[in-house]
1. At 1.4 Å probe size, put 171, 30, 181 in order of accessible surface, largest to smallest.
2. Residue-wise, which Karplus ³J(HN,Hα) couplings in Hz belong to region 156-161, taking 6.51 cos²θ - 1.76 cosθ + 1.60, θ = phi - 60°, and x for glycine or proline?
3. Taking 23 Å as the cut-off for C-alpha to C-alpha distance, list the pairs among 36/239; 25/49; 25/211 that go past it.
Amino acid sequence: MLTAYAPKNVRAWEYWQAFLAIIAKEHREVLEDLRKLLPAYIEAVKLTKETGWRIGDGWRVSLDRLRSRVEEAPDLAEISPALAPALEALTGLYHGLEEWARRWWIYHPQALEAGLARLELWERYPEDRSLSRGWGIGPAVVYDPLSFGPPRLPAWNPEDESEAAYLERMVRLLKDYIAEVREQAEAQGWDLERKRELEEHLRWLAERQCKGTPNQVLARRLKSRGYRGTERPDLTILKAQKELAEALGIELRPLRRR
């Protein structure tokens, strides 16, 4: 499934970046809900630092280390009761993250890591109340694999060249640029039509997971844009959702029957 959409060198986490970028942009309620965990995150980090533990690398909290402390909590608290407050705070944070991810049907280590990264940024930059910065895990590189921008257009001197000749020269220049971009993309293994298709399919999945939008509603939107597929649009949407959910490793949200 992944290789049907992506260049050969794209890893699964890059799909997660693209999926999370769509959620951050179009489903802000998911980030708003995550922000409710910020006090628990701040308290857990504070108490953990007082114990002298490291639960991250550098300034970022590690999901693996957080999970490890939670799993060890009963034994550690029995050995050293003084650790109990920090262990309780870490356990509450971890379970809160899990509940948040399950609530939005994106439960997966990638989503938990992204949630931790976003909480870390809110804690480090409390003046930043914006939700528009996404997750703090880097750009969705799956959408921008090419390494160069558009060509620099030459100036037009109407004394030396007619308008028609200048336009003809610009058309040739842009066609050469488009051919160059396409050649580079294909050399990297990209199918540009499938790339655009991936973005739309991820949107269908996000609508289902985060809002429970019925596929019939998505199908009507698709038909209004001139859908020309050979099968019913709701079946096309369902197939894409199933394939992407499997590729991302998440459970597909059940939809209510109407």
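The values are calculated or read from the model by the stated rules, or taken from the named source; none is laboratory data. This structure is a prediction, so every number in the text was calculated from the model and none was measured. With ligands, DNA and RNA removed, areas are computed over all heavy atoms of the protein, side chains included. Shrake-Rupley method; radii C 1.70, N 1.55, O 1.52, S 1.80 Å.
1. From most exposed to least exposed: 171, 181, 30.
2. 10, 10, x, 6, 9, 8
3. Distance filter (> 23 Å) returns 36/239; 25/49.
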